[in-house]
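Shown next, in structure tokens, is the structure this report addresses.
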Amino acid sequence: MGIALIVDVESDWGRDSLRGVHEALPRLVALLERFGARATFFVVGELAGEVAETLSGGPHEVGSHGLTHRALDRVTRDEARFELVESRRRLEAAGFAVEGFRAPFLRRPAGLSAMLSEAGYAYDASLGALGPSLSNPATLRGGVLPFNLTWLRLLDPLGARLVPREARAFSLHLHELVAGDAGWRDLPAPLRRLHGRGAGARAWSLVGHVVSAFGPRLVPCREVPWSATSSSAPARRA
Ligand SMILES: [Zn+2]
């Protein structure tokens, strides 16, 4: 079975800068091409124009990561609906056929699945197998932590050794690949420094390790069966 490769495309760590989009995206696309890997890029709708040139023409999939990257459980229902509809509209206007959605911060308000179907989405990549659970092969080897770049960075230098042999999904943010002012903006300074640990060169090395290890088994979300919106899997947070 393929392993869903998920890349979240948004501004850098909740700031205004777009170094992840401008610097890391073209380099990541080249790395994936070299190893025959493909991904789903979940793009914030406001940035549709920023990614159009690099991602149009495939072989990757583009999905929506909201319109503004606001948490959907912190806005009104009408605002949430607008985020879903307008982000899809803008991404499609930029030339992408959008089937999938991934909630910012993986925060899912009640009724999101119904809103997604109404807005024309086929699946929700914030559901199901992406979160930690004991029996879930999307976790790091032997553990409860999700298999994503954040945990590989935070556990470095152990991280690369914890890459599981089998997995269902691997996720990263473009901004993790950019050195400098890293770490989520809203965190207190010491936590922010911890959260930004290993961003830049070390993150590239870890992603290179994963991409070379799995190669063509890394596929867009729409090619893995667990991701349909009809899934009854419980919502998870990360
Ligand atoms: Zn995000």
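What the table shows:
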| read-out | value |
| --- | --- |
| Given (1) within 16 Å of the ligand (Cβ to nearest atom); (2) under 22 Å from Ala114 (Cβ atoms); (3) not basic (Lys, Arg), number of the condition Asp78 does not satisfy | (1) |
| Tabulated pairs, the stretch 90-104, first outside any loop (DSSP other than H, G, I, E, B), second among the basic types (Lys, Arg) and away from the ligand (no atom under 15 Å from the Cβ), C-beta under 7 angstrom, 6+ apart or interchain | Gly100/Arg222 |
| Candidate set: the stretch 5-42, residues that are small (Gly, Ala, Ser) and part of a helix (DSSP H, G or I); chosen: the one nearest to Phe214 (Cα to Cα) | Ala30 |
| Any hit, the stretch 193-200, residues being within 16 Å of the ligand (Cβ to nearest atom), surrounded by 21 or more Cβ atoms within 10 Å (Cβ to Cβ), assigned to a loop (DSSP other than H, G, I, E, B) and modelled with pLDDT under 90 | yes |
| Qualifying residue in the stretch 149-171 (condition: in a loop (DSSP other than H, G, I, E, B), small (Gly, Ala, Ser) and modelled with pLDDT under 85) | yes |
| Single unsatisfied condition, Met1 versus (1) more than 13 Å from the ligand (Cβ to nearest atom); (2) at pLDDT 95 or above | (2) |
| Any hit, the stretch 54-73, residues being modelled with pLDDT of 95 or more, over 17 Å from the mean Cα position of the chain (by Cα) and among the hydrophobic types (A, V, I, L, M, F, W, C) | no |
| Scan of the stretch 50-75 for residues that are more than 16 Å from the ligand (Cβ to nearest atom), out of contact with any Leu (no Cβ under 9 Å at 6 or more places or on another chain) and in a loop (DSSP other than H, G, I, E, B), ordered by number | Ser56, Gly57, Gly58 |
| Yes/no for Leu47 being over 21 Å from Ala4 (Cα atoms), without any contact (Cβ under 8 Å) to a residue 24 or more places away in the chain and within 14 Å of the ligand (Cβ to nearest atom) | no |
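The values are calculated or read from the model by the stated rules, or taken from the named source; none is laboratory data. All of these numbers come straight from a predicted model, not from anything done at the bench. FYI the Cβ positions are ideal-geometry reconstructions off the backbone, even for glycines, and counts take in every protein chain you see.
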